[in-house]
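These notes are about the structure you will find just below.
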Amino acid sequence: AATTAVYKQWIPNTNFETASNWDKGRVPCARDVVHFEKDKVVSVFVRSPHALTDMYLPLSGEFVLAAGAAFTAFDGSWDPGCDSGGTVRFADAEHHAWFDPTLWQDVLPGGELKAAGPVFSVDEERVPCRHDGVIFQPHTSFRVNTDSSQPIIRVRSVSVMGQDLQTPSSWAGYLGGPSAPLQFHGNGTLQVTGTGCPDKSGCACGNTLDGPRICAALLRASGRQCPEPACQSPLQPLGHCCGVCGATINLDFTPDFDLQKYQDKLVQELLSQPKYAGVQMAISKVHKARSFLGVLPRGAAALIQIVLVDDRAGGQAGTAAEQLAADIMEGIAQHGEALGISSGKMEVATGSTASGQVGSPSVSRITAGTVMGLLFSLLLLGGILFLYRKGKLR
């Protein structure tokens, strides 16, 4: 469980020594007047001693001082690198939103950055999912807006200020302390469950309700519009904000399916091949709305979604991903039952072709049989009704 657990680390901080937290792009020095907006709530971590000419404090906030950190009044002596003083203002941290994918990074349990690889996450899963661990870097302060479309934001654990909070009771104790109201604000309440995903076939992320919020934040950071895809009819994977060129595969699975083992198998046997250099894969459990005869909704069904994209351009965009998808479908046809996969459907969009669907043989046979059965039933019922109205049947 520890090896498959996912940890996401918050990137921004509100540290005093972070140059980007000041409007001048530098840390205040001895001749400066430091100005915190009076109506902005802040928590500020201070690592070292600072001499200042003056400082205006907010009405509500805190300084968290590391060992040896302090503020002293400037005594007028010469300070190299601080020849001309001025007013230096602390930046506004209110806009740092929990559901902004650009503010999170995947890390190992100890907080080290994960090495880049061929596996990526769809946009909704770049933000902490309900079974993920959340890490706020030790020796840093922060402020995060938890506005959400759901009242409770559930995560497995939270590490903050060096404290690893893995139970609901320990998290409730932290929320009751002085720092939490300064660090977290917004209408969504963060809740620690202490439980990872209990299902070996995977668990849905749980961020679907906040999908529009995630996409709005992502597009705001990238220029408010999706990049123009190189294919005519781009695919729209579930949980992803923009259309992609490449391939998607939807898998129906049995209780024997193991998501982590299957992902490892695809990475080791296929994605590691030289011909698939530049191809990236996202694989996760999602819930897809299904309907009866394409009209009547009949709830959502759990399936495994595989998204394949590559780094090719122009007419070749998506072609390597298409070939990999074909190899995956061939493996399912040969060994699907042993892997716990009952059927699969592939959809492709490349720079040279329009998007199209290919189903596994079992799916095609089941779909055709279902349609023929429904048509036969309707004809039978119509015949009975016709004979009844003619008086031939009682």
For this session: Check whether at least one residue in the stretch 102-118 is buried (at least 20 other Cβ atoms within 10 Å of the Cβ) and of a type in the set (Asp, Glu), and report yes or no.
Result: no
For this session: Look at the stretch 183-198 and say how many of its residues are under 30 Å from Pro255 (Cβ atoms), touching a residue at least 12 places away in the same chain (Cβ under 8 Å) and outside any strand (DSSP E or B).
Result: 5
Exercise. Which one is least open to solvent (accessible area, probe 1.4 Å), of the residues in the stretch 168-182 that are over 25 Å from Asp100 (Cβ atoms) and free of Cβ contacts under 8 Å to residues at least 60 places away in the same chain?
Worked result: Gly177
For this session: Looking at (1) open to solvent by less than 40 Å² (accessible area, probe 1.4 Å); (2) of a type outside the set (A, V, I, L, M, F, W, C); (3) over 30 Å from Leu324 (Cα atoms), find the lone condition where Pro237 falls short.
Result: (3)
For this session: Could you pull out every one of the strands (runs of 3 or more DSSP E) wholly within the stretch 75-171 that has 3 or more residues that are touching a Lys or Arg at 6+ places or on another chain (Cβ under 7 Å) and under 30 Å from Cys226 (Cβ atoms)?
Result: 104-107
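Table: residues versus (1) out of contact with any Phe, Trp or Tyr (no Cβ under 7 Å at 6 or more places or on another chain); (2) free of Cβ contacts under 8 Å to residues at least 40 places away in the same chain; (3) open to solvent by 20 Å² or more (accessible area, probe 1.4 Å); (4) assigned to a loop (DSSP other than H, G, I, E, B).
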position: Ala5; (1), (2), (3), (4): yes, no, yes, yes
position: Lys8; (1), (2), (3), (4): no, no, no, no
position: Thr14; (1), (2), (3), (4): no, no, no, yes
position: Gly25; (1), (2), (3), (4): yes, yes, yes, yes
position: Ala30; (1), (2), (3), (4): no, no, no, yes
position: Lys38; (1), (2), (3), (4): yes, yes, yes, yes
position: Ala51; (1), (2), (3), (4): no, yes, yes, no
position: Leu59; (1), (2), (3), (4): yes, yes, yes, yes
position: Val64; (1), (2), (3), (4): no, no, yes, no
Problem set entry | Members of the stretch 340-351 that are over 16 Å from Val307 (Cα atoms), surrounded by fewer than 19 Cβ atoms within 10 Å (Cβ to Cβ) and in contact with an Asp or Glu (Cβ under 9 Å, 6 or more places away or on another chain) | Ser342
For this session: Pull up the stretch 217-264, narrow it to residues that are of a type in the set (Gly, Ala, Ser) and assigned to a helix (DSSP H, G or I), then point me to the one that is modelled with the highest pLDDT.
Result: Ala217
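The values are calculated or read from the model by the stated rules, or taken from the named source; none is laboratory data. None of these values were measured; they are calculated from a predicted model. Glycine also receives a Cβ, built like all others from the backbone with ideal geometry; neighbour counts cover every protein chain displayed. Only protein heavy atoms, including side chains, enter the accessible area calculation; ligands, DNA and RNA are left aside. Shrake-Rupley method; radii C 1.70, N 1.55, O 1.52, S 1.80 Å.
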